[in-house]
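The values are calculated or read from the model by the stated rules, or taken from the named source; none is laboratory data. Since we're looking at a predicted model, the values are computed, not measured. FYI the Cβ positions are ideal-geometry reconstructions off the backbone, even for glycines, and counts take in every protein chain you see. Keep in mind that these areas ignore ligands, DNA and RNA; they rest on the heavy atoms of the full protein, side chains included. Shrake-Rupley method; radii C 1.70, N 1.55, O 1.52, S 1.80 Å.
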Amino acid sequence: MFSYWFAAVRRSAPAAVAVTLLLGGFVAGALIADDPADWMAALLRGVGVGAVAGAVFVCVANTSSTFHAVRAAARHGLTLDARAAGVPSVRRLDVPVAPGTTAYRLTDAVLHALKQLPAPRVGEVTEFTHGRLALTYGPVGGVDVALRVTITTQGGSASVDMEARPVSRWKKLDGGASWSTLAAVEPAVRRALAEETL
């Protein structure tokens, strides 16, 4: 849990710096406009207010995100770690397949396996083509998650790239929703691919 919190702090550091600078600059500017002669004290107060606001932002945002990440991990029986703070969450699988197996056949098998999972439940299939699959899940801890699966075949092997990210692409922290979704569906994807190699 603490490893996730510290990873989340690192990811939210630019936003915290922006809050510190903007609020500190605003307060300093307002105090200087009120009393231009005492600009040094106004500048110090602005820095202090900005630093406090940045620290509060970091604590509140990352504690909330950690709480959601713990719940998302527990929902799927996972152990929370620092990787859960990464957005997007990605995995790559390389599996042997029978020669002549098409990417479409593997994509169809993966889609069928994902629809059979009791949790997380597929919300909508937004793309299903030869070797490309896009799904949405949601909400996972209040966050809608988009899962993209890309499958390429060559000879007797297949490469599967999976990426999970919040549907709202501006989110830098998603409370572990992307990571927990990807970790929960990965075993089903592996099983579906293994069944196609038999």
Calculate how steeply helix 177-197 sits against the longest principal axis of the alpha-carbon atoms of the chain, using the helix alpha-carbon long axis, and give the answer as 0 to 90 degrees to the nearest 10.
10
Per residue accessible area of the chain, 1.4 Å probe, in Å²
53
Express in whole angstrom the spacing between the alpha-carbon centres of the range 54-69 and the range 125-198.
27
Of all accessible heavy-atom area on the chain, the percent that carbon and sulfur account for (1.4 Å):
63
Taking only C-alpha pairs under 8 Å that are 6+ residues apart, what is the relative contact order of the range 117-161 in percent?
26
Note down the net charge around residue 188, summing +1 for each Lys or Arg and -1 for each Asp or Glu among other residues with Cβ under 11 Å from its Cβ.
+1
Give a residue-ordered list of calculated ³J(HN,Hα) values for the range 30-44 (Karplus: 6.51 cos²θ - 1.76 cosθ + 1.60, θ = phi - 60°; whole Hz; x for Gly, Pro).
5, 5, 5, 5, 6, 9, x, 5, 9, 5, 5, 5, 5, 5, 5
Show the residues, 5+ positions off or on another chain, whose built amide H is closer than 5 Å to the amide H of residue 167.
144, 145, 146
Rounded to the nearest 10, the angle in degrees between the Cα long axis of helix 103-116 and the longest principal axis of the Cα atoms of the chain comes to 70
Mind checking the alpha-carbon convex hull of the chain and giving the volume per residue in Å³?
126
